[in-house]
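Undergrad: Let me begin by handing over the structure; questions about it come next.
The values are calculated or read from the model by the stated rules, or taken from the named source; none is laboratory data. All of these numbers come straight from a predicted model, not from anything done at the bench. Heads up, the Cβs are rebuilt from the backbone with ideal geometry, glycines too, and the neighbour counts pull from every protein chain shown.
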Amino acid sequence: MQLLVTGGAGFIGSHFIRLVLAEHPEARVVNLDKLTYAASPANLASVEDDPRYRFVQGDITDAAVVAEAMAGCTHVVNFAAESHVDRSIHGAVDFITTDVLGTWVLCDAARSAGVDRYLQVSTDEVYGSTEGRPFQEDDPLRPSSPYSASKAGGDLQALAYMHTHGLPVVVTRGSNTYGPNQYPEKLIPLFVTNALDGEPLPVYGDGRQVRDWIHAEDHARGILTALLEGVPGEVYNVGGSNERENIWITRQVLELVGAGDDLIRYVADRPGHDFRYALDSSKLMALGWSPRIDLAEGLASTVQWYRDRRDWWEPIKSGEFREFYQRQYEERLHAAVRS
Ligand code: NAD
Ligand code: TYD
């Protein structure tokens, strides 16, 4: 098994590469990553010297780079994406370029290379918001943010490649993921690192929105199961079955950090904010997968990781992140309501 993993220097992709190399001694991995602001090559320090691992810096929209990186590969797993909803609201061109066009370039190269499997890493956000039962794989796609619309475009492009050209495609749609190595723009790492620094936690709207949380290790194992056991042409939901309101997560983080509720700020809501995501993952469970990490334990170990690894996140928060943070939060925090 020779894998091309794209976006492997990011959050979930790096968990996936470490998992594959640990559990499959025969596997070789090429990691193609552009190293955008969201990448942390340090995530892969433990496998850097492994002779089965090779890193290629490059863009998935560049057909020549992709063809070279894919040469000899039997499996392709596409994690590479612009992944943050708030950034997609500020401007979506990078999302459309990487998440849609990049997926097409990869599918086209995979078809020419004749790979055994192409796995597209997608998201529960393509279904839109639900107030009813958890989403199943054949539910309609109703993406509502520029991010989720781009992901839906990539997801459908990959499935169309199967339908039209016979490329053996599997799609996974994962739920909100947390754990070590997550760039601190997303809810949990932002709130943990802010709380560790005694900074306010900006809760959008009333904080009653619901997300279904899964640990990155469980998400990575779900993707690997779908890659190895999934049926081409099929979609598999990968959810944690841990639905929680954002305010519950916020209070849990504060408790684990040992900070007070006085850090909570209710700020202006995200435009078009999806109220609730929830996934029915029984189809993937039928292939032998189930999430292993309990949410309370996973949150506690994640908070501990950020406590121990200031060397990982402090340089991030003082770099490009600072400009984004100002743009995203300065006005909101100025007008905020304390809890
Ligand atoms: P991330 O933002 O942490 O990492 C993305 C990686 O992709 C980075 O290393 C970046 O450098 C790379 N990349 C971006 N554009 C690229 C390009 N054009 N060419 C090559 N590399 C490029 O993302 P993540 O949170 O690990 O998410 C990984 C995948 O999982 C994404 O496809 C995302 O949509 C999906 N997903 C994420 C979540 C979540 O909660 N984080 C949930 C469900 C699905
Ligand atoms: P996020 O981590 O951005 O993931 P997604 O938008 O892909 O679900 O946000 C998770 C939830 O937390 C979402 O309902 C928005 C909310 N949120 C806040 O309330 N404040 C914040 O500063 C952030 C980043 C998110």
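Undergrad: If you go through segment 271-286, how many residues are more than 19 Å from the chain's Cα centre (by Cα) and within 16 Å of ligand 1 (Cβ to nearest atom)?
TA: 0
Here's the yes/no breakdown for (1) within 16 Å of ligand 2 (Cβ to nearest atom); (2) in contact with a helix residue (DSSP H, G or I) (Cβ under 8 Å, 6 or more places away or on another chain):
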residue: 57; (1), (2): no, no
residue: 63; (1), (2): no, yes
residue: 76; (1), (2): no, yes
residue: 82; (1), (2): yes, yes
residue: 85; (1), (2): yes, yes
residue: 88; (1), (2): yes, yes
residue: 97; (1), (2): no, no
residue: 109; (1), (2): no, yes
residue: 117; (1), (2): no, yes
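Yes/no per residue for (1) modelled with pLDDT of 95 or more; (2) surrounded by fewer than 17 Cβ atoms within 10 Å (Cβ to Cβ); (3) near ligand 1 (Cβ under 9 Å from one of its atoms); (4) not polar (S, T, N, Q):
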residue	(1), (2), (3), (4)
83	yes, no, yes, no
88	yes, no, no, no
102	yes, no, yes, yes
106	yes, no, no, yes
120	yes, no, yes, no
134	yes, no, no, yes
143	yes, no, no, yes
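Undergrad: Out of the helices (runs of 4 or more DSSP H) lying entirely within segment 235-339, which hold 1 or more residues that are over 30 Å from residue 156 (Cβ atoms), touching a Pro at 6+ places or on another chain (Cβ under 6 Å) and at pLDDT 95 or above?
TA: Working: elements: 246-257, 282-285, 295-308, 310-317, 320-334.
Because the criterion is at least 1 residues that are over 30 Å from residue 156 (Cβ atoms), touching a Pro at 6+ places or on another chain (Cβ under 6 Å) and at pLDDT 95 or above, the helices (runs of 4 or more DSSP H) in segment 235-339 that meet it are 295-308, 310-317, 320-334.
Undergrad: Identify, please: which residue in segment 10-41 is in contact (Cβ under 8 Å) with a residue 40 or more places away in the chain and in a loop (DSSP other than H, G, I, E, B) and is, among those, surrounded by the fewest Cβ atoms within 10 Å (Cβ to Cβ)?
TA: By that ranking, first place goes to 37.
Undergrad: Any residue at all in segment 180-200 that's touching a residue at least 60 places away in the same chain (Cβ under 8 Å) and on the phi > 0 side of the Ramachandran plot? Lay out the reasoning, then the answer.
TA: Our first condition is that a residue be touching a residue at least 60 places away in the same chain (Cβ under 8 Å); within segment 180-200, this holds for 180-189, 191-196, 198-200.
Those still in the list that are on the phi > 0 side of the Ramachandran plot too: 181, 198.
Yes - at least one qualifying residue is present in segment 180-200.
Undergrad: How many residues, within segment 240-267, are hydrophobic (A, V, I, L, M, F, W, C), surrounded by 17 or more Cβ atoms within 10 Å (Cβ to Cβ) and either free of Cβ contacts under 8 Å to residues at least 12 places away in the same chain or within 20 Å of residue 218 (Cβ to Cβ) (or both)?
TA: Residues that pass the stated criteria total 3.
Undergrad: Next up: I'd like to know if segment 42-52 contains one or more residues that are free of Cβ contacts under 8 Å to residues at least 40 places away in the same chain, part of a strand (DSSP E or B) and away from ligand 1 (no atom under 14 Å from the Cβ). Break it down into steps so the answer makes sense when it comes.
TA: Initially, segment 42-52 is screened for residues free of Cβ contacts under 8 Å to residues at least 40 places away in the same chain, giving 44-52.
Still in the running and part of a strand (DSSP E or B): none.
For segment 42-52, residues free of Cβ contacts under 8 Å to residues at least 40 places away in the same chain, part of a strand (DSSP E or B) and away from ligand 1 (no atom under 14 Å from the Cβ): absent.
Undergrad: Can I ask one more? Scanning for something more than 13 Å from ligand 1 (Cβ to nearest atom) and outside any helix (DSSP H, G or I), does segment 189-197 turn up at least one residue? Even if it seems obvious, please write down each step before you answer.
TA: Restricting attention to segment 189-197, the residues satisfying the condition of being more than 13 Å from ligand 1 (Cβ to nearest atom) are 191-197.
Okay, now just the ones that are also outside any helix (DSSP H, G or I), so 197.
Within segment 189-197 (the criterion being more than 13 Å from ligand 1 (Cβ to nearest atom) and outside any helix (DSSP H, G or I)), the answer is yes, since at least one residue qualifies.
Undergrad: Restricting to segment 53-95, give me the number of residues that are aromatic (Phe, Trp, Tyr) and either outside any strand (DSSP E or B) or touching a Phe, Trp or Tyr at 6+ places or on another chain (Cβ under 7 Å) (or both). Give the derivation first.
TA: Of all residues in segment 53-95, those aromatic (Phe, Trp, Tyr) come to 53, 55, 79, 95.
Now restrict to residues that are either outside any strand (DSSP E or B) or touching a Phe, Trp or Tyr at 6+ places or on another chain (Cβ under 7 Å) (or both): 79, 95.
Total meeting the criteria: 2.
Undergrad: Quick one: in segment 189-228, which of the residues that are hydroxyl-bearing (Ser, Thr, Tyr) and outside the structural domain of residue 75 (by TED's automatic domain parsing) is nearest to residue 280 (Cα to Cα)?
TA: Step one: filter segment 189-228 for residues hydroxyl-bearing (Ser, Thr, Tyr), giving 193, 204, 225.
Still in the running and outside the structural domain of residue 75 (by TED's automatic domain parsing): 193, 204.
Details: 193: 31, 204: 26 Å.
The extreme case among them is 204.
Undergrad: Kindly indicate which of 298, 260 is of a type in the set (Gly, Ala, Ser) and within 18 Å of the chain's Cα centre (by Cα). Lay out the reasoning, then the answer.
TA: Numbers: 260 fails: within 18 Å of the chain's Cα centre (by Cα).
Just one listed residue meets the conditions, 298.
Undergrad: Could I ask something else about it? Can you list residue pairs whose Cβ atoms sit under 6 Å apart, with the first residue in segment 202-228 being among the hydroxyl-bearing types (Ser, Thr, Tyr) and the second being away from ligand 2 (no atom under 16 Å from the Cβ)? Count only pairs 6 or more apart in sequence or on different chains.
TA: 225/287; 225/289
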